[in-house]
Structures are given as structure tokens and as C-alpha cells.
1. Can you work out the Karplus-derived ³J(HN,Hα) for every residue in the range 71-85? Use 6.51 cos²θ - 1.76 cosθ + 1.60 with θ = phi - 60°, whole Hz, and x for glycine or proline.
2. Could you line up Leu31, Leu67 from fewest to most neighbouring Cβ atoms inside 10 Å?
3. Fewest first, what order do Lys179, Lys105 take by the number of other Cβ atoms within 10 Å?
4. Take the Cα coordinates of the range 78-130, assign each an equal point scatterer, and use the Debye formula without solvent to give log10 I(q)/I(0) at q = 0.15 Å⁻¹.
5. What are the extents of the Cα atoms of the range 30-189 along their three principal axes, listed from largest to smallest and rounded to whole Å?
6. At q = 0.10, 0.22, 0.23, 0.25 Å⁻¹, what log₁₀ I(q)/I(0) does a Debye calculation on the Cα points of the range 52-141 give, no solvent, two decimals?
7. Mind sorting Met80, Met53 by how few other Cβ atoms lie within 10 Å of their own Cβ, fewest first?
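Computed from the coordinates by the stated procedures, all read-outs in this text should not be read as laboratory data. Please read all numbers here as calculations on a predicted model, not as lab measurements. All Cβ positions, even for glycine, are placed from backbone atoms using ideal geometry, and neighbour counts span all protein chains on display.
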Amino acid sequence: MTNVEEMTEETTSEERPSRPENCDAPDTRPLQEIIDNLPYGAVVLVGAAILWMGAGAGVWRWLAPALFIAYGVAGTVWIMAFICPYCHFYDTRLCPCGYGRIAPKLRARQGPDGFARQFRRHIPVIVPLWFIPLVAGIVFLVNAFSWLLLVLVVLFAVNAFVVLPLVSREYGCARCPQKDACPWMAKCRS
């Protein structure tokens, strides 16, 4: 029995998403979902650490990282609400990051035809997550150099601009049936 077939009895066969054609993506398991989400989580947590270290004393030392973490969480919810409903993996266990099982709780399926358009439209919402800590970290380093802060900024940059794209491209996106229509994968191939 496949994971798609293991869905609740309440879902009729007409409502139940089918496994996309030519899909050799494995059914995901919690460990795989963790692996796929670790780089993004590290972007958020290391970014918050950079903001915490550089913000100095006072209310900003706690408010800046808290707002950044809230933005990271909100970005994930945004993706689930505005991109996932257009994905072939919506409401299945085939989604490498696990969002496909959470998204139905936020929004109904919209159909996979609009995936590329939705991706282009909504990914820019989370792009600042990659630049806020980097720019802030450089400013903080110029104002008051710290080896620990430098290590965090370098760690952040390597994770955000090397590890996360590599994990996405080689693991999460590698077997996606929408990769040919995906703006991210088209950019990776060029």
C-alpha cells in the first residue's frame, strides 16, 4: 500500500491526489524531511544569532532575533499557503520537506498548472532571510569586530548560499515531477 493510499478514509478517490506521472520520488520519512529542512532552519537560527550578537545591549538584542525567527516561520507558512497548493506533492507524503502534508490545513488544492507562476510570485517574500543577517553581520563586524561573529557570518553565508541550494537541488528537487517547469531548477541548470 502506498502512502497516498494510506490517507484517511474521509478523502474520496476524486479528492485524493494521485502520484504524479513519471515520479520516482521516494515517499518521505521524518528523517528525510529533517534533512531537507535543516539548512533553512540553520539560516533562521544562525541569522538570529548574528542579529543577537551584533544588536548590542537593550531591547534590540532580543527583539531583532525574535522578529527574524518570526519572519522565518512566517515565510515557511507563506510558502505552504501560496506555493504548496499548486504542487504535485500537495497533500501527499511525497513532499521532500513535509510541507505537502501541512499545506492542506491552510488552503485547498489549486492545481499544478500555476506552480511556476506562484513560485516566481511568492519566493521573493523569503529572499530577505538570506540577506538581512549577512548585511547586518558585515555592518556589525565593521563597527565592532569579533571572531565569533565573523565565524557566524561565514557559517551563515556558506549554509545559505552553498549548502541550502545544494541540498534543495540535489535532494529535494532532484526527483520532482515539476522540476522542468520550476523557476528554481531552470536557474540551476543554466
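1. Along the range 71-85, the couplings run 5, x, 5, 4, x, 5, 5, 4, 4, 5, 7, 10, 10, 3, x Hz.
2. Numbers: Leu31 8, Leu67 14.
Going from least to most buried by this count: Leu31, Leu67.
3. Numbers: Lys179 15, Lys105 9.
Ascending Cβ contact count within 10 Å gives the list Lys105, Lys179.
4. -0.36
5. 50, 31, 29
6. -0.36, -0.98, -1.04, -1.17
7. Numbers: Met80 24, Met53 19.
Least to most surrounded, the residues fall as Met53, Met80.
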